[in-house]
């Protein structure tokens, strides 16, 4: 079945791989983009839907079979934007998706987001991701949460490790992460799971 999939973060590095993977599998990705976003690198077949994760409208998920949250405020922004995008934006998109009857919601999270009170320099970011993940799990939506280790821009490795065997000091190619997100949303093999992930 061809799916209409809303992708938040489609213009990001992982998002570019993700929309390509969805297209290759015969699905129809719709990129959620802010006004003024650079969409020149997106394939022509990708539909665009205007929306800002800091101020989402209630109809943003209309007509969608599934949603993938692969967005992030970025490493150059401060705690305020982390809260607005990675926590509150994600939670609001979950709520809108639930209200729209979306079949499946896949969240790109991060290793360490299982911690309730993370410490260290990544503590604030990890807590924001934790709260977003917990909100999704409690939403009633069919969900999958993918928590990769440190991301790289390397080509697809074709060898992916999921779950308890993951080495948290390893790396994950963004192209591999995109493949896992794509398969999670289209096959349902990770439904109800929050899994760590690495490239091998």
Query raised in the report: Does region 13-20 contain at least one residue that is touching a helix residue (DSSP H, G or I) at 6+ places or on another chain (Cβ under 9 Å), free of Cβ contacts under 8 Å to residues at least 40 places away in the same chain and assigned to a loop (DSSP other than H, G, I, E, B)?
Result: no
Query raised in the report: When residues of region 21-41 are filtered for being under 25 Å from residue 84 (Cβ atoms) and either modelled with pLDDT of 95 or more or assigned to a strand (DSSP E or B) (or both), how many remain?
Result: 5
Requested in this report: Residue by residue through region 109-131, note down the ones that are closer than 21 Å to residue 191 by Cβ and either in a loop (DSSP other than H, G, I, E, B) or in contact (Cβ under 8 Å) with a residue 60 or more places away in the chain (or both).
Outcome: 109, 110, 111, 113, 114
Query raised in the report: If we keep just the residues of region 157-189 that are touching a helix residue (DSSP H, G or I) at 6+ places or on another chain (Cβ under 6 Å) and free of Cβ contacts under 8 Å to residues at least 60 places away in the same chain, which is surrounded by the fewest Cβ atoms within 10 Å (Cβ to Cβ)?
Result: 157
Query - Residue among 79, 29 that is in contact with a helix residue (DSSP H, G or I) (Cβ under 6 Å, 6 or more places away or on another chain) and surrounded by fewer than 16 Cβ atoms within 10 Å (Cβ to Cβ) - result: 79
Requested in this report: Among the numbered conditions (1) closer than 23 Å to residue 163 by Cβ; (2) assigned to a loop (DSSP other than H, G, I, E, B); (3) touching a residue at least 60 places away in the same chain (Cβ under 8 Å); (4) under 12 Å from the mean Cα position of the chain (by Cα), tell me where residue 71 comes up short.
Outcome: (1)
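The values are calculated or read from the model by the stated rules, or taken from the named source; none is laboratory data. Here the structure is a predicted model, which is why all the values come from computation and not from measurement. Cβ coordinates were reconstructed from backbone atoms using ideal geometry, including for glycine residues, and neighbour counts include every protein chain displayed.
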